[in-house]
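One structure is given below, encoded as structure tokens.
Nothing in this text is a laboratory measurement; each read-out follows from the coordinates by a stated rule. Just so it is clear, the structure is predicted and the values come from calculations on it, not from any experiment. A quick note on method: Cβ atoms are made from the backbone with ideal geometry, for glycine too, and the neighbour counts reach across all protein chains shown.
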Amino acid sequence: MTEINDHLFRILVCVDGSDESNRALRYAVRIGSGTDADLTLLYVRPIDQGMRTGGLQISVARENLLDWGLDLPGMNILKKSRDVLIDSEFLAEGWDEEFVHTDVRGDPLGDNSIIYHSEEGRSICLKLMVSSSVVRGILDECEQGNYDITIIPKSDARTERSGLGFIEPNVAEIVATEYEGTVLVARELEQSHGHLVCVIDNDVSIQAARRDAEIAGRCACPVYLFSVALDETEVENAERAITKAKVEMEKSGISVSGEKVVIGDPVESIIEEGKSYSVIVLSPSTRAVGWRRFFTTGVAYKVLQHAHNSVMIAR
């Protein structure tokens with residue numbers, strides 16, 4: 001595992017070659033702009049997926065991964081993602097390259113990473129991981145990598161190109177449910193419409209708003225506060241939540257561009273209001289139970305399932 005620089009903002013993007021994956025990657029570039037962010041691109045290959053090494057021995061294939069010339073599962077997708085980074089000038093010429101290999105029992109190729117290091121101390125890691133399942137591989141990387149944000153594309157349907165399966169839509173929901181860090185589920189992700197930060201009057205929600213302030217500030221994204229009251233008697237609580245969240249965001253140097261309280265069903269109201277924004281931001285509004293977070297009956301999970309655009313579960 002690569003040494004972690006605790007002074008840098010760490011971003012994980014799960015890539016699958018889809019248009020949504022490329023949009024998510026460009027959004028990550030925006031969040032990581034500057035000289036204080038590390039970026040990891042992850043492609044997870046199920047352990048039972050066949051090898052395609054063009055007749056080469058596996059040992060030779062490993063040595064030639066840096067040449068990007070092999071039809072190995074996931075390598076073409078990582079190469080195209082690397083090209084996006086080059087085109088956006090996030091990855092420049094002259095960065096040092098490092099190849100890291102880890103043996104994986106039962107798989108001849110194992111885990112392989114190409115890591116680029118800049119003179120300023122930043123790194124970009126392109127990681128081809130093998131795992132018992134895509135979701136297990138992503139969760140393992142999330143838990144080991146200490147990432148500040150994990151971004152996962154969510155397409156409406158499963159797609160296959162050149163024999164490579166794209167990330168299943170439910171994978172993003174499972175990771176957002178089980179991982180204890182911040183997860184952005186990217187769906188029709190556009191960069192220019194700001195974050196809709198949905199708050200209620202409790203500490204978890206207010207701290208999630210402050211967490212988003214850090215991320216929104218990094219990408220110069222405007223933030224808007226939104227709270228839903230079930231009826232007239234709850235309006236005061238909703239207004240108090242917005243006031244508290246605004247104070248916390250301003251402590252982080254973020255000016256709130258707008259605020260709104262409505263009366264209605266929280267899930268329906270958030271989904272409808274959220275259509276106009278790049279990202280809907282929610283807290284999990286739950287407590288951890290063992291290694292798993294159960295919020296599948298809560299507002300956050302229902303919005304995550306049914307929203308028309310991207311949803312961030314901020315922790």
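Simple spin-label estimate for R136 and R105 gives 1.2 nm between the two label positions (7 Å along the Cα-to-Cβ direction from each Cα).
The aspartates and glutamates within cross-link reach of K80, meaning a Cα-to-Cα straight distance under 15 Å and a gap of 8 or more places when in the same chain, are D16, D19, E20, D67, D71, E89.
Applying 0.36 nm per residue to the separation of E250 and E93 and subtracting their alpha-carbon distance, the gain on full extension is 52.7 nm.
The DSSP beta bridges internal to the range 195-313 are antiparallel in roughly 10% of cases.
Across the range 195-313, the relative contact order, built from alpha-carbon pairs under 8 Å that are at least six residues apart, equals 30 percent. Full-extension gain between D231 and R30, please, as 0.36 nm times their residue separation minus the C-alpha to C-alpha distance. Taking 0.36 nm per residue and subtracting the Cα distance, the gain is 68.5 nm. For the listed residue pairs K127/K246; K127/K154; K127/K251; K244/K302, the alpha carbons are over 31 angstrom apart in K127/K246; K127/K251. Across all Cα atoms of the range 161-252, the radius of gyration (one decimal) and Dmax (whole number) stand at 16.3, 57 Å.
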